[in-house]
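Asker: Below is a structure I'd like to ask you about.
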Amino acid sequence: MKKFLSLILSFVMLFTLSISAFAAEPQMTVDEAREYLQSYYVTKENSVGKEYSIQYIFNSDEDLEKAAIYLSENGLSAFNATVDTAIEEVVSKEPKSPQTRSTTPTTGYATVSGDGNHYVSSEAYGLASFDSLGTVEYLVELGYSVTVSNGVFTDLTSISFDIPYISAAGSWGNTRFPSYCTDTSAGVTANYDITKSVEIGVGDFSFVIKTETDNEIFALLTSIA
């Protein structure tokens, strides 16, 4: 009997502590909630150690106001739980790619021979991974022209870059192309951002609640045969 009473007392204490902890969560005013949602920006790492950012994007002031009211009335823990559940539901309904050909783009290689102008190019399939928003699959293409004179590289020009295919909810931008050209080798490294945005519904309104961006790199190196 004593053991039974002890178990009941322990349960009551745990329940009381849980209620107290939940009640202790500071409630935001609507103004504070609005500021929180507008300025929210964090950086995380995915399962393979690559960094990505998370932020909240609202299509209108009305959506922002409704979200701020919802956050103020329900609290941050409940808001985050609702958002996570909504994201899982949306991502689970996305078409699933086979991804058997998907890799993380790293480096392509080319060789040229003889003096003159040479155009080189390479392509690769990429897979950007986001812990909460799933993945974005894409095809990347990179090319440029090199000039060979007297058996050595003398110039690198006409850099071309494209992502002709990217899966649903994905986009790309913020491209940078550092390059080099020495006597025996030349190369370009394409730096670009892959972004995935998911629109979710909460209550009687919907908005783009998270945008996660993954920085990708694909290099093309050329040597003289």
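Read-outs: derived from the displayed coordinates by stated rules, not from any lab. Note that the coordinates shown come from a computational prediction; the quantities given were computed from them, not determined experimentally. Reconstructed Cβ throughout: ideal geometry from the backbone, glycine too, with neighbour counts over all protein chains shown.
Asker: Measure nothing but the geometry: give the 0 to 90° angle between the long axis through the Cα atoms of 61-74 and the longest principal axis through the Cα atoms of the chain, rounded to 10°.
Answerer: 40 degrees
Asker: Using unit Cβ charges (K, R positive; D, E negative) and no other charged atoms, how large, in debye to the nearest 20, is the dipole of the chain about its Cα centre?
Answerer: For this selection, approximately 880 debye.
Asker: Now a separate question. Exposed loop trypsin sites (Lys or Arg not before Pro) only (DSSP loop, at most 11 other Cβ atoms within 10 Å): please give the longest stretch of the chain free of them, not including the sites.
Answerer: In short, 102-225.
Asker: Shifting gears a bit: Any idea how far apart Thr29 and Ile217 come out in nm if each label point goes 7 Å out from Cα toward Cβ?
Answerer: Placing both labels 7 Å beyond Cα along the Cβ direction yields 4.7 nm.
Asker: Here is a further query. Can you run phi through the Karplus equation (6.51, -1.76, 1.60; θ = phi - 60°) for region 30-41 and list ³J(HN,Hα) in whole Hz, with x for Gly and Pro?
Answerer: Listing the rounded values in order: 4, 5, 5, 5, 4, 5, 4, 5, 6, 9, 4, 7 Hz.
Asker: For region 30-93, give the magnitude of the charge dipole about the Cα centre (Cβ charges: +1 Lys/Arg, -1 Asp/Glu; no others), in debye to the nearest 20.
Answerer: 300 debye
Asker: Which one, Asn80, Ser60, Gln38, is farthest towards the positive end of the dipole of region 30-93 when Lys and Arg carry +1 and Asp and Glu -1 on their Cβ?
Answerer: Result: Asn80.
Asker: In the set [x] 25.8, 97; [y] 16.7, 52; [z] 24.2, 80, which value of Rg and Dmax of the Cα atoms in Å was calculated from the structure you see?
Answerer: [x]
Asker: Continuing with the same structure: Suppose R0 equals 30 Å. What FRET efficiency, 1/(1 + (r/R0)^6) with r the Cβ-Cβ distance, do Thr184 and Glu123 give to the nearest 0.05?
Answerer: 0.75
Asker: Also, quick follow-up: Hey, what's the per residue convex hull volume over the C-alpha atoms of region 30-93, in cubic angstrom?
Answerer: Roughly 107 Å³ of hull volume per residue.
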